[in-house]
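Chemist: One structure follows; several queries about it will come next.
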Amino acid sequence: MEEWVGALWHRAITRAADRGHAEAAVTLAEVQPLLGVLFRAAGGDAAMRLAPAGLTRVAAAAGARSWLQRIAGSGTRAALPWWAPEVLALPPELAVFSDRGLNRDLYVWLAAQAACYAPSGHWIADNRAATAAALQVFPGLAERHQRLLAAHLAQRPPPASSVAEAAVQAALRGQAVDAPEVHAADVAPVWLWFDGQATPEALAAANAADGDAAPRADTLQDATRRRARQAPQAQDRAPFMLPFRAEALFGWSELVKVNRATDDDENPDALTAAADLDHLSLARDGQTSASRVKFDLDLPSAAADDLPLGEGQPLPEWDFKRGVLRPAHCTAQMLIARPGEPFVPTPALRATAQRVRRRIEGLRAAPQWVRGQAEGEAIDLDAWVRHAGSGSAAQREAAPPVYAQRQRHARSLATLLLADLSLSTDAYVPGVDAQGRAQRVVDVVRDALYVFGEALSATGDAFEMLGFSSVRRQHVRIQHLKGFDEAWGAAARDRVGAIQPGYYTRMGAAIRLATQRLQARPERQRLLLLLTDGKPNDLDVYEGRYGLEDTRHAVQAAQAAGLTPFAVTIDAEAHDYLPRLFGQRGWALVRRPADLVGRLAQLHAQLVR
C-alpha cells in the first residue's frame, strides 16, 4: 500500500512539475534529413555525424528551478545541444515551447548555428560569434531567430536572480556583457546556444574511445552521444584487492579506481547505468574486452591457411587527421584457396543461374541506342533542344545531328567484383533456402558470385572476382577467385565455393588494389563492383570516421582514374554512410540477403546499358 501511494505521488508531482509541452513535441528523427542538408549547405563538415544528445546535469543556479521541481526532485538533468569535432549532438526531442512550429524552428536554428560554431573555451563569446555568423550565412532565419529569442527570454528566470543570468540575457539580446566569465552550469539551460562543456579533456576522452580494439559482435549499440572525460589509469599493484572506505561510499558518478579482470561477467545493466551518469570517465590501459576477440581471431597455422601468391603489395592509406596520404602504409597479400572438394551448386541455384544468363545474353545481343546522329529512327529531344538554342539561323537550317538510331556494336567492358569476406558474413540471415536450410551471409555471397560468374561468362566481357578481409594494416588478405585472363570454369567455381568468413574490413586498401588492376585493362568502360555487408573497420585505428574517410578517398581516386565504382550492400544502416562514400547514385541496398543472388547481375546490367 505504501509503495502504491508513493508511486502515485511520484507520478503526480513529477507531472505537475514538468515544464515541457509534450503536446507540441518535435523529435530529432522527424527533422534529421532537413537538418543534415541545412548543416552542410552552411559549410558544415560533410563527415560530421548527427546524433541524439544524452542527459547532463543542469539548473544548478538559484531561480533556475521552480519550487515544484525542487519538491519533485526533477529539472536537474536535460539533453542539451552540444558540439564536437566529429559529432553534432542535438536533443532527441524538443518540447521547450508550447508551439510545435517554434520547437521545429529551434532544431533548424541549432543546425544552422552548428555549422558556424568554433569553440574556444569562452561559452558566451563562442555562441555569440556563431549566432552572428549563422545570421550572415542565412539572413532568412533572422525572423525565426527573433521569435525563438522572444519566446525563450519569456521563459527564463528574472535577470535580477543572479549576475550570471543577467549576463546571459544581455548576450542573448546582443548587448555588451560586463561580467566575469560565465559557464553553462551557472544558469538555466540556454536552448538557443550550444552547451559549453566540449572541453579539450572531453574531446581527448572521445578520441581515447577510438582505441585499438574492434567492437565485439555482442556489444550493445546505443546511438546516444554521451559526454566523457579522460582519467588516469590506476597502477596494477594488487588487482585482487578491493579498497575499503567505510567513511565514504563511492557513488556512480565518481571514478572508482578498482582493477577488474577482463574475464568478469558482463554487466546487463551497463547501458542503464551509463544513462544515469553526467560524464563517462575513461582510462586507457591497453586491455579491453575486445582483446579476447583478438586472441581468438589470431591467424591460423601455415598448414591450414590459404596459399599466398607472390609477395605482398604495398598500398597507401589516407590519414584524414593529418590530411596526408601515407605511402606504403598497408600490405595486401594475394591468396588462393587450397584445393578442396568440387563446388556443386544446388538444382535451384543452377536454374537461377541459367535464367539470369539468358537474360544477360538477350541484353548483350540487343542493339543499343546511339544518339546525336544526322539520321535515325527517332528524334533525340535533348540534341534537338541544344541545336535549336545555339548557333545562327543558317546553322539551325543545316541537317542537324538530332536523331537516335539503334546499332549493334562491340562492347568494351571490364568488370571487377570485390566481395567483402569479413567475419560479419558468418552471421545467419532470416529464413531458409529452397531446401529448408539456414543460410549465413557468406553462403548468400557464394551463391551470388556463382550466378554472377555464370551470367558474365555468357557475354564475353572480361571480368575478375576477388574477396577481401584484413587483420591490421600489414595483412590485407585478397582472395583470388577468378582473374581477368582466366576462363570461368571448374577451377574458378571451386574457389568461389571454398570462400569462408575472414577477419576484418579494411575497405580502402582493397579498393585501391582493385583500382590498380582495373587501370591496367584496355577496355573503354571499367566497372568496380563492391559487395559488402557493413562499415569499414579493423583492429587498429581503422574504425569510425578514420575508416570511412580512407574508403571515401579510395573511391574518389578510382573515379579520378576513369573507373565506375558502385557498392551493393545488405546493411540496413547503409544510408548513414554509403552516400558519402559512393554518392547518392553510387550504391544500392538489397533489403533481403536472399534477393542478392538475382539483384547483383541485374544491377550490373543496368550499369552497362
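Read-outs: derived from the displayed coordinates by stated rules, not from any lab. No experiment lies behind these values; they were computed from the predicted model shown. Backbone-built Cβ (ideal geometry, glycine too); neighbour counts: all protein chains shown.
Chemist: Could you tally the net charge around S469, taking each other residue with its Cβ under 10 Å from the Cβ of S469, Lys/Arg +1 and Asp/Glu -1?
Modeler: Working: positive: R477, R506; negative: D420, D538.
So the environment of S469 carries a net charge of 0.
Chemist: Whose amide H sits under 5 Å from the amide H of R49, counting only residues 5 or more places off or on another chain, with H placed in the peptide plane?
Modeler: V87, L88
Chemist: Out of residues 5 or more away from L80 or on other chains, whose amide H comes under 5 Å of its own, with H placed 1.01 Å from N in the peptide plane?
Modeler: T56
Chemist: Oh, and also: At q = 0.28 Å⁻¹, what is the base-10 log of I(q)/I(0) for the range 410-460 according to the Debye formula with one equal point scatterer per Cα and no solvent? Please give it to two decimals.
Modeler: -1.10
Chemist: Moving on to the next point. Kindly state, to the nearest 0.05, the FRET efficiency for R371 paired with Q606, given R0 = 22 Å and r defined as their beta-carbon distance. Working shown, then result.
Modeler: Numbers: r = 18 Å, r/R0 = 0.83.
After rounding, the FRET efficiency stands at 0.75.
Chemist: Determine Rg/Rh for the range 124-163; Rg is computed over alpha-carbon atoms and Rh is the Kirkwood hydrodynamic estimate from the same atoms.
Modeler: Working: Rg = 12.4 Å, Rh = 11.6 Å.
Rg divided by Rh gives 1.07.
Chemist: Now, a different point. List the residues, sorted by chain then number, that are 5 or more residues from V182 or on another chain and whose placed amide H is less than 5 Å from its amide H.
Modeler: I124
Chemist: Still on this structure, I have one more. With 10 angstrom as the radius, rank Y546, Y504, Y428 by how many other C-beta atoms surround their C-beta, starting from the fewest.
Modeler: Working: Y546 21, Y504 25, Y428 12.
Ordered by Cβ neighbours within 10 Å, fewest first: Y428, Y546, Y504.
Chemist: Next question, about the same structure. Counting only DSSP beta bridges with both residues in the range 412-501, what percent are antiparallel, rounded to the nearest 5? Let's see the in-between values first.
Modeler: Values: 8 of 15 bridges.
Percent antiparallel among DSSP bridges in the range 412-501 is about 55.
Chemist: Give a residue-ordered list of calculated ³J(HN,Hα) values for the range 446-452 (Karplus: 6.51 cos²θ - 1.76 cosθ + 1.60, θ = phi - 60°; whole Hz; x for Gly, Pro).
Modeler: 4, 5, 5, 5, 5, 5, 4
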